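First comes the structure, then the notes that go with it.
The values are calculated or read from the model by the stated rules, or taken from the named source; none is laboratory data. Since we're looking at a predicted model, the values are computed, not measured. When we count neighbours, we look across all protein chains shown, and the Cβ atoms used for this are built from the backbone with ideal geometry, even at glycine.
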């Protein structure tokens, strides 16, 4: 599966007020901008539209509208910059990362154009009947400049990294792992959101994320010994934790209601034979875990101690 990671460098042209967790705000305005760009039948609802199976907006932003059964995750993740800054002045810079999966990388120009449109419309709370406008200065992949806002052109088109669906090539020898939950993690087990994170639940969430992403946006579900991995994950012990539940909410225009988006934050450490699980968790360190990953939730980092 191809995974592209792109950095969007922006600068506010005027004062703006954004929420502490900005991923939801960016996702909401992104949806409106993409639909405006690509929607052919403007007055149709997506779930009943005759074009929904081939619609670029549906495929990029809301694949659940054209899909029966368990809704698939969108083929992207928005990672806002770290920190809880909410008030910006004209001239303040900000960045965010955009992850694209599979064929969504081919439509990077649509995302660039959409965020240019968002910048013109403004974002955040209204100040004197207007939202904070910004300019998209550059889009980069590592240090390569893909798009320059002054020229309004895409210069390069780097090939995204291709992750092979064989997770057994880089098994390491490790017996201690600390996982940091950098943004709220929303994971369900037995149909309930979990308030604790034993190792087997972490592994189940990682395998579920990998399976769905590769099936939807890669070369098909990878060959993984799911049952064996889960059985062996039960032997790994949780030895230390500093976890708490963080509640926050967002307003969904589509559902016309406030939605609670609470999740786990903090750190948790494990001990045992964890080497075979590291490649799966490393991949999820990149693509996030759990529910509402498109907002940037479920971002984790790993600290691994090698065995003797």
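Evaluation of residue 270 against the conditions (1) modelled with pLDDT of 95 or more; (2) within 20 Å of the chain's Cα centre (by Cα); (3) buried (at least 20 other Cβ atoms within 10 Å of the Cβ) shows that the sole unmet condition is (2). Considering 102, 83, 23, the condition of being modelled with pLDDT under 90, closer than 26 Å to residue 210 by Cα and assigned by TED's automatic domain parsing to the domain that holds residue 153 is satisfied by 23 alone. Can you name the residue in the range 140-151 that is within 18 Å of residue 106 (Cα to Cα) and out of contact with any strand residue (DSSP E or B) (no Cβ under 7 Å at 6 or more places or on another chain) and is also surrounded by the most Cβ atoms within 10 Å (Cβ to Cβ) among such residues? For the range 140-151, the residue satisfying everything is 144. The set of residues from the range 166-185 being in a loop (DSSP other than H, G, I, E, B) and either at pLDDT 95 or above or surrounded by fewer than 17 Cβ atoms within 10 Å (Cβ to Cβ) (or both) comprises 166, 168, 169, 170, 171, 172, 173. Within the range 227-244, the set of residues being surrounded by 14 or more Cβ atoms within 10 Å (Cβ to Cβ) and either under 17 Å from residue 264 (Cβ atoms) or modelled with pLDDT under 95 (or both) comprises 238, 241, 243.
When you go through 221, 215 one by one, which is the residue that is assigned to a loop (DSSP other than H, G, I, E, B), under 21 Å from the mean Cα position of the chain (by Cα) and surrounded by 14 or more Cβ atoms within 10 Å (Cβ to Cβ)? Being assigned to a loop (DSSP other than H, G, I, E, B), under 21 Å from the mean Cα position of the chain (by Cα) and surrounded by 14 or more Cβ atoms within 10 Å (Cβ to Cβ) holds for just one of 221, 215, which is 221.
With respect to residue 200, determine if the residue is more than 21 Å from residue 80 (Cα to Cα), outside the structural domain of residue 57 (by TED's automatic domain parsing), free of Cβ contacts under 8 Å to residues at least 60 places away in the same chain and crowded, with 17+ Cβ neighbours inside 10 Å. It would help to see each step written out before you state the result.
Details: more than 21 Å from residue 80 (Cα to Cα): yes; outside the structural domain of residue 57 (by TED's automatic domain parsing): yes; free of Cβ contacts under 8 Å to residues at least 60 places away in the same chain: yes; crowded, with 17+ Cβ neighbours inside 10 Å: yes.
Yes: the conditions hold for residue 200.
In the set (1) closer than 24 Å to residue 292 by Cβ; (2) at pLDDT 90 or above, residue 163 fails one condition alone, (2).
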